[in-house]
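Here is the structure we will look at, set down as structure tokens.
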Amino acid sequence: MPRSQRTRSARAVANDAAIREAAVSEVLRVGVDHVSLRDVGHQAGLTHGATYARYEDVDELLVDLWNSVLRQRAVTMFELCMSAAELPSIRTVGALFDFIRDTTPADVACVQVLLTARRIPTLHEEVEPFIHDYLERESGPSHTKSATFARGLTLFAMMVVQIFADATYGGDRDYQDVLEKLLLETLETDPRDVNEVDLRVPDERITLAPGDDLRTQLAFATFGVVGKSGYTRATISRIARRANCSPGAIYKLYPSKEDLVIAAFHDLMRARWMNASNFIDVLEEGSLTQLLNASASEANAVRQSFTLETALAAAHSEKLGAAILGQTTELEAVIPLLVNISDDEKARLRYLIRSIVFVTIGVTFLSTVTPSMQTNDFNQFGEPFRRAVLKDCVPAWREMCQQILELVQTRGF
């Protein structure tokens with residue numbers, strides 16, 4: 001007779017639940033790279049030996065956490081995005097935003113594990129089936145993918161960043177309410193009414209090459225080391241070797257690794273659309289599509305991985321967090337200077353900027369997870385979203401643009 005599976009005791013089941021809950025808390029507190037079995041066991045109220053009797057190492061713990069708790073949270077969020085894209089209505093889009101507003105610690109941990117797994121082989125092996133079954137459900141060239149999948153995948157990328165940003169910097173209910181209405185109108189657009197866009201070769205790639213300037217060499221080295229290994233494993237010594245200099249030479253320019261990464265991040269984020277004079281073009285037909293396409297391009301792999309790893313580290317570093325928040329909200333500095341624009345219109349302009357930043361960063365992040373983003377038809381999201389914004393969010397856009405141009409000329413924004 002086959003041996004029946006031994007039933008685990010109620011105490012063992014309770015211990016597992018306590019460990020998983022503690023593991024979620026530790027991911028949020030210190031990040032995936034700093035989770036330890038000792039700290040998880042201590043928070044779960046177990047002895048060190050009891051925790052090691054259950055898991056061989058922290059990678060095994062993360063695998064169990066993904067399979068037992070986090071994977072289903074990722075599936076739920078993805079299916080909510082797809083339902084909203086396939087049958088857009090107040091109910092389906094509302095269900096997605098109810099999920100976002102009621103985000104749990106497990107949802108935040110799910111996002112962090114999903115975005116980190118690519119560089120942890122044991123964990124990635126377990127996360128990969130979700131990526132294949134859901135994020136790559138429709139593979140191949142963009143013209144073979146349905147508009148529903150293209151919109152749903154872009155929406156999922158945007159919601160990943162929404163959850164991450166809310167957990168790191170706090171949520172904004174008013175912004176979420178405006179975004180919910182904009183996305184409903186975006187998704188209700190008939191795919192047949194969306195004109196094709198002639199996409200050019202992405203020109204936002206990192207072309208910086210190491211030269212005689214040590215700061216340039218260090219920025220180039222920092223992009224690669226942090227992007228490949230993560231912030232924690234990107235030591236000053238490794239960056240120094242890549243830049244062919246001594247650690248002491250780095251410390252003469254930057255007091256700490258944080259300061260070095262912040263400087264590199266500032267260089268990286270100086271894309272054309274991130275300054276006021278060029279942002280005004282983002283609502284021209286095809287511009288948002290081009291921006292998202294460039295963000296997903298393989299040509300920008302360095303930018304994608306470095307931006308993601310810096311953002312993940314910022315969730316656990318006040319200094320990095322403040323630097324990233326300042327950089328991503330730089331465009332909003334011009335808003336208080338606009339005249340003859342109501343406070344409501346200014347708020348909506350701020351929400352417009354935030355939504356475009358979020359969807360762009362979301363596409364950037366998810367491009368490190370799956371190559372499916374590189375062939376996504378972003379126009380099926382970008383063009384309807386552009387129309388919805390011009391109609392309902394910032395109808396005074398042209399007047400705002402004129403004032404922004406004048407401020408650029410007079411005050412140098």
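Just a few scattered comments:
- Distribution of pairwise C-alpha distances over the range 211-268, 10 Å bins, in %: 26, 66, 8
- GluC sites (Glu not before Pro) within the range 15-109, DSSP loop, no more than 16 other Cβ atoms inside 10 Å: Glu56
- With Cα atoms as the point set, the radius of gyration and Dmax of the range 35-135 evaluate to 16.2, 52 Å.
- In the range 110-174, the chymotrypsin sites (Phe, Trp or Tyr not before Pro) that fall in loop regions by DSSP, at most 10 other Cβ within 10 Å: none
- Using distinct alpha-carbon pairs, which all enter the 1/r mean, Kirkwood radius of the chain in Å: 22.8 Å
- Efficiency of FRET from Cβ geometry, Asp212 and Glu406, R₀ 51 Å, rounded to 0.05: 0.85
- The average projected area of the range 254-413, computed from the convex hull of its Cα atoms over all directions, is 10.1 nm².
- Here the residues Leu405, Leu80, ranked from fewest to most Cβ neighbours within 10 Å of their Cβ, fall in the order Leu405, Leu80.
- Helical content of the chain, expressed as a calculated mean residue ellipticity at 222 nm, amounts to -20000 deg cm²/dmol (DSSP H runs of 4 or more residues, -39,500 (n - 2.57) each, divided by residue number, nearest 500).
- Ranked for footprinting exposure by Cβ neighbours inside 10 Å, fewest first, Glu258, Glu196 give Glu196, Glu258.
- Cα gyration tensor shape for the range 56-98, rounded if a/c is under 1.5, else prolate or oblate: prolate
- For the range 61-85 versus the range 315-330, the inter-centroid distance based on Cα atoms is 27 Å.
- Partner aspartates and glutamates for Lys252 [C-alpha distance under 18 Å; skip if fewer than 8 residues away on the same chain]: Asp212, Asp213
- Longest exposed-site-free window of the chain, the sites being trypsin sites (Lys or Arg not before Pro) in a DSSP loop that have at most 11 other C-beta atoms within 10 Å: 9-199
- Under 17 Å from Lys228, Cα to Cα: lysines that are on another chain or at least 8 residues apart: Lys257
- Listed by Cβ neighbour count within 10 Å, with the fewest neighbours leading, Ser83, Ser36, Ser342 appear as Ser342, Ser36, Ser83.
- For the range 109-178, the fraction of alpha-carbon pairs lying more than 16 Å apart is 60 percent, rounded to a whole number.
- Mean Cα-pair separation over length for the chain, i.e. relative contact order, pairs under 8 Å, 6 or more apart, %: 21 percent
- Mean separation of Cα contacts under 8 Å (6+ apart) over length of the range 64-172, as relative contact order %: 40 percent
- Partner lysines for Lys181 [C-alpha distance under 22 Å; skip if fewer than 8 residues away on the same chain]: Lys346, Lys391
Where a number appears in this text, it was derived from the coordinates with a stated rule and is not lab data. These numbers come from a predicted model, not from an experiment. Cβ coordinates were reconstructed from backbone atoms using ideal geometry, including for glycine residues, and neighbour counts include every protein chain displayed.
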